[in-house]
Each structure stands twice: as C-alpha cells, then as structure tokens.
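Okay, structure first, notes after.
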Amino acid sequence: MPKLLSATLITISLLLGLNENIKPAIAGTCASRCGVKPLQFTPGRHIRVEVINSTLNLIYVEKAQGTNPIALRPGQKVRLEQGNGTEPNISVVFWNENGLSLKANLFKPNFATLQVELRPEWRIGGDRGVYVRDDGRVTLL
C-alpha cells in the first residue's frame with residue numbers, strides 16, 4: 001500500500017508539474033548582464049577633456065585646480081588639457097547658470113580624450129563633475 005501511495009503521489013506531481021511554459025534557467029557570465037564597461041584611461045598618460053553644452057542655457061565649466069570658470073554657450077565646445085606631467089589626475093566641475101540640473105554623457109572617442117556632453121536633466125541634483133582618478137578610472141560626481 002505505501003508503494004502504491006508513493007507511486008500515485010509521484011505520478012500526480014509529475015503530471016501537475018509539467019507545464020508548457022517552462023523556461024529553462026540559462027547560466028551566463030557576468031559579461032552577459034554587466035552593462036556598459038566603465039571608462040578608463042591609461043594611468044600617467046596625458047588626457048584632454050572636451051565639454052560640449054547640449055542645453056539651451058549658459059553653463060559654466062571649471063577645471064578644479066587652477067582655472068577660472070569658463071562660460072559655455074549652447075552648442076559650444078571647450079577643450080581642457082591636463083597640465084604638466086606632475087598633475088596625476090584631472091577634475092572638471094560644471095553648473096548651469098540658472099541652477100538647473102545637468103546630465104553628463106561620457107564618451108571616449110580615442111585613447112586620450114574624454115568627451116563630456118552636458119544635457120538637461122529632470123531629476124533633482126543631476127551630475128556636477130567628472131573626475132579622472134590616478135588609476136585612470138573615470139568617476140561622475
């Protein structure tokens with residue numbers, strides 16, 4: 001009797017468990033779902049930063065150490081060079097003249113250029129700067 005009950009339970013569970021919409025689990029590597037690879041430059045290399053104003057307002061851009069703010073009109077582009085060889089990293093801050101939030105889209109068109117496209121952002125806060133670390137990684141502030 002216990003064998004018949006066990007066999008009946010197994011048969012019922014198999015019949016009820018079969019479903020045409022079963023989707024097998026597929027194992028994948030991190031590369032299959034990690035997202036976009038972060039931008040990175042070779043440490044110690046000379047880097048230039050191009051900032052493009054893609055908003056309809058005046059934006060100010062300032063290299064964090066040693067420059068005055070640069071006014072950037074809509075559609076205008078400015079190129080900031082890394083200083084001498086003793087400057088290990090580069091940091092650029094930006095803000096909207098009217099206090100509106102900005103969204104920075106980062107691109108690496110070649111091995112030594114970081115392109116920062118500034119667009120309007122509707123969330124409060126937005127992006128305020130870009131920092132290229134000593135190890136070459138790019139951080140959005």
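The values are calculated or read from the model by the stated rules, or taken from the named source; none is laboratory data. In this text the structure is predicted, and so the values were computed from the model without any measurement. No Cβ is skipped: glycine too gets one built from the backbone with ideal geometry, and neighbour counts run over all protein chains shown.
Cβ-Cβ distances below 8 Å connect the following pairs, each with a first residue in the stretch 89-100 that is over 13 Å from LEU118 (Cα atoms) and at pLDDT below 85, a second residue that is of a type in the set (Val, Ile, Thr) and not in a loop (DSSP other than H, G, I, E, B), and a separation of six or more residues or different chains: ASN89/VAL132; ILE90/VAL49; ILE90/VAL132.
Let's see how each residue does on (1) loosely packed, with under 15 Cβ neighbours inside 10 Å; (2) under 12 Å from ASN53 (Cβ atoms); (3) among the basic types (Lys, Arg):
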position	(1), (2), (3)
PRO69	yes, no, no
ARG73	yes, yes, yes
GLN82	no, no, no
PHE94	no, yes, no
LEU102	no, yes, no
VAL116	no, yes, no
ASP134	yes, no, no
ARG137	yes, no, yes
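Conditions tested, residue by residue: (1) touching a helix residue (DSSP H, G or I) at 6+ places or on another chain (Cβ under 8 Å); (2) assigned to a loop (DSSP other than H, G, I, E, B); (3) not small (Gly, Ala, Ser).
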site	(1), (2), (3)
ASN57	no, yes, yes
GLN65	no, yes, yes
GLY75	no, yes, no
VAL78	no, no, yes
TRP95	no, no, yes
TRP122	no, yes, yes
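Residue count for the stretch 103-141 satisfying the condition of being farther than 20 Å from PRO38 by Cα and aliphatic (A, V, I, L, M): 1. On the stretch given as the stretch 111-141, residues that are more than 20 Å from LYS63 (Cβ to Cβ) and at pLDDT 90 or above total 2.
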